[in-house]
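**Student:** One structure, as structure tokens, below. Some questions next.
The values are calculated or read from the model by the stated rules, or taken from the named source; none is laboratory data. Only a predicted model underlies this, so the values are computations on that prediction, with no experimental measurement involved. A quick note on method: Cβ atoms are made from the backbone with ideal geometry, for glycine too, and the neighbour counts reach across all protein chains shown. Calculation scope for accessible area: heavy atoms of the full protein, side chains included, ligands and nucleic acids excluded. Shrake-Rupley method; radii C 1.70, N 1.55, O 1.52, S 1.80 Å.
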Amino acid sequence: MEKEFEGKVAIITGGGQGMGRSVAQKLSLEGANVIVNDKNLEALSKVVNDLTSSGAVSYTHLTLPTILLV
């Protein structure tokens, strides 16, 4: 059975805790390749360790404020 997000990439900012962590977990279980970003390296590392057992995960550690202009 195909998972809903199989072959998709999800970028989760603030993925080290709270809602971001929950979204990252759900999308990973649904087949997405998850890129998790958080300013808290300890929390980010824990999420990455938890998710790597269920699929492919990339992660970044945010050290400076990021401004996104659209």
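**Student:** Got a number for residues in the stretch 10-36 being open to solvent by 20 Å² or more (accessible area, probe 1.4 Å), within 16 Å of ASN49 (Cβ to Cβ) and part of a strand (DSSP E or B)?
**Tutor:** Matching residues across the stretch 10-36 total 1.
**Student:** Quick one: GLU42 ticks every box in (1) exposed (fewer than 12 other Cβ atoms within 10 Å of the Cβ); (2) of a type outside the set (Lys, Arg); (3) modelled with pLDDT under 85 except a single one, so which number is it?
**Tutor:** Only one criterion in (1) exposed (fewer than 12 other Cβ atoms within 10 Å of the Cβ); (2) of a type outside the set (Lys, Arg); (3) modelled with pLDDT under 85 is unmet by GLU42, namely (3).
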